[in-house]
Structures are given as structure tokens and as C-alpha cells.
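Here the structure comes first, spelled out in C-alpha cells, and everything after it is commentary.
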Amino acid sequence: MAKTVMISAQIDPKLKNSVERVFKKLGLTTTQAIVLFYKQVDSQNRLPFEVKRPNAITKKTLADAKARRNLESFDSTDSLFKSLGI
């Protein structure tokens with residue numbers, strides 16, 4: 001039986017390049033990063049980070065923003081912060 005197997009995935013080229021720059025800064029190859037991820041999933045029996053799904057309010061807000069509905073405009077960051085009470 002083989003000691004390793006090949007994994008193939010379709011990845012957006014811009015995302016791949018961006019992530020590989022991060023791996024390089026961390027001193028990892030892409031293969032090492034994938035193995036690290038797999039080992040963490042195996043040892044924790046879950047994804048090694050929290051995955052959240054947007055709630056109803058967030059979904060509506062994102063849909064409104066995409067459709068450019070119910071948006072507020074501000075002349076300056078000061079007026080934005082004032083509106084937010086900051």
C-alpha cells in the first residue's frame with residue numbers, strides 16, 4: 001500500500017498565490033500546510049477553526065447592501081462615528 005496519496009483541488013489562482021505567499025512567510029510548502037491542516041482535523045475531529053453561518057439579520061443586511069437598498073451615507077468619518085455613537 002502506498003505511503004502517500006495525491007490530492008487534487010480546483011482553486012482560484014489569485015487565492016492560491018496569495019495563500020502560498022503566506023505559507024512561504026511561515027516557512028511552509030503547500031503540501032506541508034495541507035498535511036498540517038489534515039492532522040489538526042484528525043486530532044480534533046473537527047475543523048481547527050470556528051465556522052459561522054450568517055443569521056437572518058446578517059443575511060438581510062448583506063442582501064440589502066448587494067442590492068444597494070437601505071444604505072446610509074456620510075460626508076465624513078466624523079459624521080459616521082457620531083451616528084454610531086463612537
Notebook entry, point to check: Rounded to the nearest 0.05, what FRET efficiency do K3 and T58 have when you use their Cβ-Cβ distance and R0 = 35 Å?
Noted result: 0.20
Margin query: What does the C-alpha gyration tensor say about the overall shape of the chain? Classify as rounded when a/c is under 1.5, otherwise prolate if a/b is larger than b/c, or oblate.
Written below: prolate
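A short reminder: the numbers here are calculations on the coordinates, not readings from a lab. The model shown is predicted, which means the values in this text are computed figures rather than measured ones. Methodologically, a virtual Cβ is constructed for each residue, glycine included, from the backbone with ideal geometry; neighbour enumeration extends over all protein chains shown.
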